[in-house]
Amino acid sequence: MEPPQPRQPMPTSQRRPNPDAAADPGGARTGQRRPWVVGVSGASGTPYAASVLRGLLRAGEAVDLVVSRASRLTLLDETGISFRDAHWREDLRTWLARGADGDPDRFAAELPDLSALPERSDVRHWAAGDLAAGPSSGSYPVKGMLIVPASTACVAGVALGLSKDLLQRVASVTLKERRRLVVAVRETPLSGQTLKQLVALDEAGAVVLPASPAFYAGASGIQDLVDFVAGRVLDAAGVPHQLYRRWEGAIGGARGEE
């Protein structure tokens with residue numbers, strides 16, 4: 001008796017296509033919610049996070065928000081706003097309405113009534129200590145994660161895979177699932193150890209994006225500088241926006257001197 005022959009793989013042309021995948025790539029039209037996870041760490045720069053969140057909402061993106069314990073102290077110090085788990089909708093709206101210049105109602109008119117949104121809405125909040133939260137699992141469908149601002153402690157925790165809180169855990173899951181991770185580090189100067197950790201994140205597939213505003217876009221106030229950094233975060237995520245004037249190759253274009 002002749003030994004059985006190994007089974008040959010089916011030629012690509014004869015394989016049965018997956019109709020669901022062909023008709024609905026990424027689940028965009030099946031109603032499955034696929035948010036961007038926004039992690040806010042304790043570094044100075046909470047206006048950057050607010051601008052990114054507003055940009056995502058303007059673009060029609062769903063958002064899962066994780067606000068670390070340290071970042072709540074920073075938010076309170078920089079804006080006077082308390083972020084409470086039990087009142088997160090009201091506190092988030094107050095935060096997003098505030099401009100980087102301190103105007104408490106600069107963006108109020110464009111924000112949805114977050115307090116009226118249902119549980120499965122475009123904005124969802126997960127407590128920083130909830131390690132059983134949806135985004136803590138790789139099977140939870142998300143597009144990726146944006147950490148803005150990212151403290152050096154957060155950078156170290158993610159680079160080392162510590163998962164000491166939900167923010168770090170979600171970042172680790174994002175890397176292992178090969179999803180987009182943008183780390184908007186906000187610190188200066190940077191130590192040699194932090195630089196090594198940032199290189200490790202880059203090698204793991206993350207986008208390391210220093211919160212470093214540029215001036216060629218014609219900034220006329222602090223909000224413009226904040227929006228430039230937020231816009232670059234959204235660029236790295238592939239989310240369309242109009243937060244800053246893009247370079248078009250014309251010297252002086254931002255001043256109308258073309």
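I'm a student and want to see the number: the projected area of the Cα convex hull of region 109-179, averaged over all directions, in nm². Working shown, then result.
On the way: hull surface 23.6 nm².
About 5.9 nm², averaged over all directions.
Between K176 and A132, how many nm apart are label points set 7 Å from Cα along the C-beta direction?
Spacing of the two 7 Å Cα→Cβ label points: 1.9 nm.
Provide, for q = 0.14, 0.18, 0.20 Å⁻¹, the log10 of I(q)/I(0) from a solvent-free Debye sum over equal Cα point scatterers in region 76-115.
-0.28, -0.46, -0.56
Return the whole-Å distance between the Cα centroid of region 28-87 and the Cα centroid of region 220-258.
21
So if I place +1 on the C-beta of Lys and Arg and -1 on the C-beta of Asp and Glu, and nothing else carries charge, what would the dipole magnitude of region 84-143 be about its Cα centre? I want it in debye, nearest 20. Before the final figure, lay out each step's value.
On the way: 8 positive and 11 negative charges, 47 e Å.
Dipole of region 84-143, to the nearest 20 debye: 220 debye.
In nm², what is the average projected area of the convex hull enclosing the Cα atoms of region 43-190? Before the final figure, lay out each step's value.
Numbers: hull surface 35.1 nm².
Computing the convex hull of the Cα atoms and averaging its projections yields 8.8 nm².
Which of rounded, prolate, oblate describes region 69-136, given a ≥ b ≥ c as roots of the alpha-carbon gyration tensor eigenvalues and a/c under 1.5 marking rounded, otherwise prolate only if a/b is larger than b/c? It would help to have the intermediate numbers written out before the result.
Numbers: a/c = 2.63, a/b = 1.28, b/c = 2.06.
Cα axes put region 69-136 in the oblate bin.
How large is log10 I(q)/I(0) at q = 0.10, 0.11, 0.23, 0.27 Å⁻¹ when the Debye formula is applied to the Cα atoms of region 157-240, each weighted equally and without solvent?
-0.29, -0.35, -1.15, -1.31
Across bins of 5 angstrom width beginning at 0, how are the C-alpha pair distances of region 160-203 distributed, in whole percent?
Final binned percentages: 5, 19, 27, 28, 16, 5, 0.
Given region 109-258, report the % of alpha carbon pairs whose separation exceeds 18 Å. It would help to have the intermediate numbers written out before the result.
On the way: 7275 of 11175 pairs.
Counting every Cα pair in region 109-258, those more than 18 Å apart make up 65 percent.
Around F228, under 11 Å between beta carbons, what's the net of Lys plus Arg minus Asp minus Glu among the other residues?
Values: positive: R232, R245, R246; negative: D224, D227, D235.
Net charge around F228: 0.
Bear in mind these aren't lab numbers, they're just calculated from the coordinates by the rules spelled out. Note that the structure is predicted; figures quoted are calculated from it, not measured. Ideal geometry is used to build each Cβ from the backbone, glycine not excepted, and the neighbour counts take in all protein chains shown.
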